[in-house]
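> Here it is, the structure, as structure tokens.
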Amino acid sequence: MSLSNTRTIPLPGRISRTESSASPRAERRGGRWYRLLSPLVVLLVWQLASTAGVISAQKLPPPTQVWHTAVQLITTNSAAYGTLQHAMLISLERIAIGFALGATAALGLAIVAGLSRFGENAVDPLMQMIRTLPLFGLIPVFIVWFGIGELPKVLLIALAAAIPLYLNTFSGIRGVDGRLGELGRTLGLSRGEMLRHIILPGALPETLVGLRQSLGLAWLSLVVAEQLNANAGLGYIINQATQFLQNDVIFVALLVYTLLGLLTDWLVRVLERRALAWRRGLLAS
Amino acid sequence: MASRLVGFVAPHPAPDAVAPEQPNAPAARLRRVSRSFGQRRVLDRLELEIGAGEFVAMLGRSGSGKSTLLRAIAGLDDEVEGELEVSGTVAVAFQDARLVPWKRALENVRLGLRRPDAAAVARAALEEVGLSDHLDAWPLTLSGGEAQRVSLARALVREPALMLLDEPFGALDALTRIAMHDLVLGLWQRHRPAVLFVTHDVDEALSLADRAVVLSAGRIRHQARIDLHRPRERENPELVELRLRLLQELDIDTKGATT
């Protein structure tokens, strides 16, 4: 209350720096709550339509039932599904391993390709070819090569995560201001120092864009990979529920996917805000 | 440069420490330095010597080869021909300040500085250029003059035998420029590096330098010593005469270039 009060008092020509930088942040925080409004409205309409009998509970269970099912899946260790949190952990583990593999490969390849013509000629054509492959068309091949265990799932996620991260990091490295490279030479930076202080931080804004895309694709491929002969995890729960015609369980699993996706997106945003703090001065002024 | 007392016999005299310590060795010596871009010869068998601790201003119209020469001396040009000797470290302050935007002021100054007390040295340098309040500032929040101060501090901490200043104040307003001139002179008088100051402003050259050289068509066309105490009065008759002469030299250049 007191904050909004001081903001409405006009201070011609005497608005201090702290005030002007604090107010957009406060608005941003308020904006975040407004963002919850439209999902809540959808939930409400969904619930009302279900209780009024407009939507059949068999096709689309009402939110209250989904909630009830979720609580049950968490509290009871059923033979068909196990517990929800266990499935979630399995899925998280898959995506963590797959993403770590893919990201490491992507960053390494992007550095090799970004730093020299030779590296670019060696790496980039292959990556561009892989990029155009329909990722999920590879699943049968992966099954032939790697069987139906964890390996093909993790590799599919790794491949999905690697491509946008590679493309963006490569273009980020190439986009680093050449004048800063020159500066590095006059300062006598070694190759490693150049990479650490100039090239990688310079590519970081684009790398982070790639990171977001790559996490999105990693989740997508996790969902697809888990629908195939998994014996644990969120995808397994969905498979089982399909067989038992339990739509409410499917919805719970889908909901968990979206929540986990939102969580990783939030993590990237936090990372961005910290790593790109140097740009804030530019945006604020 | 530092006069330090050593024992009677130094057991292992560092061989590379000897050359730059000689008091009368020039900071830089250029002989028949040439550089061509395709058919265009930008530097043409250029000869130039810069004494230790000497402040040289290099004047020239745009396209006269100033930047090419500076890049050659800075070691940024691998295709330059001729003899180019520099004794000791060379440090550069660029026209655009060229701070690394993702490093705070202090980190910019200590970048590439390999000594255990790098942070302290960098802090002292920033204090010396009057930025002790901006150690943690992001470059994008600094004004043009402040950015150039950081850039000067960054050049200074390398204890260079030769400082190359590439029109460092070209983009600054007149008042800031005057303050920066005083700052540069102060730094030079305290640390005594040789300075090669590239500018197209005759007055700037006359108020700062020991010697002004005019570059045109890839060679030093004219040189003038300026043996006057600083600070210098603009109206000093000797300076007025020098100014006319230098402007003339630069003007002849324009007529020559059109043919």
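> When the residues of the stretch B:212-233 are narrowed to those that are within 24 Å of B:GLN39 (Cβ to Cβ) and among the aliphatic types (A, V, I, L, M), which ends up modelled with the lowest pLDDT?
B:ALA217
> Okay, next question. Select from the stretch A:135-180 the residues that are of a type in the set (Gly, Ala, Ser) and buried (at least 18 other Cβ atoms within 10 Å of the Cβ) and list them in ascending order.
Within the stretch A:135-180, A:ALA158, A:ALA160, A:ALA161, A:ALA162, A:GLY172 qualify.
> Take A:LEU84 and tell me if it is under 30 Å from A:MET127 (Cβ atoms) and under 26 Å from the mean Cα position of the chain (by Cα).
no
> Can you tell me how many residues in the stretch A:249-276 are in a helix (DSSP H, G or I) and either within 15 Å of A:SER78 (Cα to Cα) or among the hydrophobic types (A, V, I, L, M, F, W, C) (or both)?
Qualifying residue count for the region: 18.
> Which members of the stretch B:122-155 meet the condition of being within 14 Å of chain A (Cβ to nearest Cβ), among the acidic types (Asp, Glu) and closer than 18 Å to B:VAL184 by Cβ?
B:GLU146
> While we're here: Being surrounded by 20 or more Cβ atoms within 10 Å (Cβ to Cβ), in a helix (DSSP H, G or I) and within 14 Å of another protein chain (Cβ to nearest Cβ) is the filter here, so list the residues in the stretch B:69-96 that pass it.
Result: B:LEU70, B:ALA72, B:ILE73.
> Answer with yes or no whether B:THR141 is in contact with a Ser or Thr (Cβ under 9 Å, 6 or more places away or on another chain) and surrounded by fewer than 19 Cβ atoms within 10 Å (Cβ to Cβ).
yes
> Determine which single condition A:THR207 fails, assuming it passes every other condition in (1) away from chain B (no Cβ under 14 Å); (2) crowded, with 21+ Cβ neighbours inside 10 Å; (3) over 10 Å from the mean Cα position of the chain (by Cα).
A:THR207 satisfies all of (1) away from chain B (no Cβ under 14 Å); (2) crowded, with 21+ Cβ neighbours inside 10 Å; (3) over 10 Å from the mean Cα position of the chain (by Cα) except (1).
> Here's a follow-up. Identify, from the list A:ALA225, A:ALA230, A:ALA162, A:ALA122, the residue that is within 20 Å of A:LEU107 (Cβ to Cβ), away from chain B (no Cβ under 14 Å) and touching a residue at least 40 places away in the same chain (Cβ under 8 Å).
Sole residue among the options that is within 20 Å of A:LEU107 (Cβ to Cβ), away from chain B (no Cβ under 14 Å) and touching a residue at least 40 places away in the same chain (Cβ under 8 Å): A:ALA162.
> Further, regarding this structure: Kindly indicate the residue of the stretch A:187-204 that is in contact with a Gly (Cβ under 6 Å, 6 or more places away or on another chain) and either in contact (Cβ under 8 Å) with a residue 60 or more places away in the chain or assigned to a helix (DSSP H, G or I) (or both) and also nearest to the other protein chains (Cβ to nearest Cβ) among those meeting that condition.
The initial filter retains those residues of the stretch A:187-204 that are in contact with a Gly (Cβ under 6 Å, 6 or more places away or on another chain), namely A:187-189, A:194, A:198, A:203.
Cutting the leftovers down to either in contact (Cβ under 8 Å) with a residue 60 or more places away in the chain or assigned to a helix (DSSP H, G or I) (or both) gives us A:194, A:198, A:203.
Numbers: A:MET194: 9, A:ILE198: 7, A:ALA203: 11 Å.
For the stretch A:187-204, the residue satisfying everything is A:ILE198.
> Still on this model: Could you grab the pairs with beta carbons closer than 8 Å, sequence gap of 6+ or different chains, first residue in the stretch B:177-195 and at positive phi, second one surrounded by fewer than 20 Cβ atoms within 10 Å (Cβ to Cβ)?
From residues that are at positive phi, the pairs are B:ARG192/B:MET1; B:ARG192/B:GLY53.
> I'd like the full set of residues that are under 25 Å from B:ALA124 (Cβ atoms), in contact with a helix residue (DSSP H, G or I) (Cβ under 9 Å, 6 or more places away or on another chain) and part of a helix (DSSP H, G or I), limited to the stretch B:182-223.
B:LEU183, B:VAL184, B:LEU185, B:GLY186, B:LEU187, B:TRP188, B:ARG190, B:HIS191, B:LEU208
> Of these, B:ARG114, B:ARG32, which one is over 22 Å from B:LEU172 (Cα atoms), exposed (fewer than 15 other Cβ atoms within 10 Å of the Cβ) and within 14 Å of another protein chain (Cβ to nearest Cβ)?
B:ARG114
> Follow-up question, since we're still on this one. Of everything in the stretch A:236-285, what is polar (S, T, N, Q) and within 14 Å of chain B (Cβ to nearest Cβ)? Give them in sequence order.
Result: A:SER285, single match.
> Also, I was wondering about something else. Among the residues of the stretch A:165-186, which ones are out of contact with any Leu (no Cβ under 9 Å at 6 or more places or on another chain), assigned to a helix (DSSP H, G or I) and away from chain B (no Cβ under 13 Å)?
Scanning the stretch A:165-186 gives A:LEU167, A:SER171, A:ARG174.
> Can you tell me which residues in the stretch B:167-176 are over 15 Å from the mean Cα position of the chain (by Cα) and without any contact (Cβ under 8 Å) to a residue 40 or more places away in the chain? Full working, then the answer.
Looking only at the stretch B:167-176, we keep the residues that are over 15 Å from the mean Cα position of the chain (by Cα), and these are B:171-176.
Within the stretch B:167-176, B:LEU172, B:ASP173, B:ALA174, B:LEU175, B:THR176 qualify.
> Right, here's the next one. Check B:LEU99 against each of (1) assigned to a helix (DSSP H, G or I); (2) free of Cβ contacts under 8 Å to residues at least 60 places away in the same chain and name the one condition it does not meet.
All conditions pass for B:LEU99, except number (1).
> Moving on to the next point. How about the stretch A:172-200: which of its residues are of a type outside the set (Val, Ile, Thr) and within 25 Å of A:ARG131 (Cα to Cα)?
Across the stretch A:172-200, the qualifying residues are A:GLY172, A:ARG174, A:GLY175, A:LEU200.
The values are calculated or read from the model by the stated rules, or taken from the named source; none is laboratory data. None of the values given here were measured: they were computed from a predicted structure. Here Cβ is always computed from backbone atoms with ideal geometry, including for glycine, and neighbour counts include all displayed protein chains.
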